[in-house]
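Read-outs: derived from the displayed coordinates by stated rules, not from any lab. Here the structure is a predicted model, which is why all the values come from computation and not from measurement. Neighbour counts are summed over all protein chains in view; Cβ atoms, including those assigned to glycine, are modelled from backbone coordinates with ideal geometry.
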Amino acid sequence: MSAARPPEGARTAAPRRAAALATLGLAAGWLLLAPAAPRSAVQWFDDLCSSLGRPMFASAPAPAGAAARPATVVKRLSCEPLPNVPGKSQTTVLVEFPPLAFSPAHRHPGSVTAVVTEGIIRSQLQGTPAADYQAGQSFFEPPGTLHVFAENPDPSRTAKLIAFFVTDENCGPLVVYE
């Protein structure tokens with residue numbers, strides 16, 4: 001006994017139905033992941049890719065336990081064009097480090113000056129030893145320098161810093177992950 005062969009139209013409808021279902025699944029996934037509040041696509045993608053405490057496309061493994069540590073919270077405070085430096089702007093951000101928060105290896109395309117305003121921030125730039133900065137202390141990062149890590153070593157208190165970036169106009173990108 002031979003099996004009945006489905007009509008020609010039925011054989012081509014099944015792949016189209018599967019493709020339509022896959023497209024609907026992708027759209028539903030996008031709606032679940034899309035931000036509720038408006039923000040730039042670049043910021044949303046950066047948040048999504050670093051939501052596990054380390055960048056999605058990192059070339060080096062995260063330190064042991066880094067993925068389980070809280071991430072920093074960055075709030076842009078201002079962005080102003082520098083009238084005496086055409087093509088550049090100055091961006092100010094507040095970075096909050098919850099207890100034991102960790103920021104993985106990254107670079108900044110512009111110059112950065114960071115001022116610790118609360119708690120202790122342990123930070124290391126490539127070629128230098130890690131150092132602890134307390135409230136009232138600051139550190140400088142030249143453009144493109146590898147910032148090996150930054151963390152709040154305190155298990156119970158939040159630490160904060162204000163960072164001043166000189167970037168390309170329109171606030172430029174602030175972070176480039178390794």
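Were the residues from Leu100 through Leu146 laid out at 0.36 nm apart, the gain over their Cα-Cα distance would be 14.4 nm. The protection proxy used here, the mean number of other Cβ atoms lying within 10 Å of each residue, ranks peptides 136-143, 112-119 as follows, highest first: 112-119, 136-143.
Peptides 87-97, 72-82 ranked from most to least packed by the mean count of surrounding Cβ atoms within 10 Å: 87-97, 72-82. Remark: the Ala135-Glu169 segment gains 9.2 nm on full extension, using 0.36 nm per residue and subtracting the alpha carbon distance. For a paramagnetic label modelled on Tyr177 (point 7 Å from Cα along Cα→Cβ), amide N atoms under 16 Å away belong, within the range 90-110, to 102-109.
Applying 0.36 nm per residue to the separation of Arg157 and Thr92 and subtracting their alpha-carbon distance, the gain on full extension is 21.1 nm.
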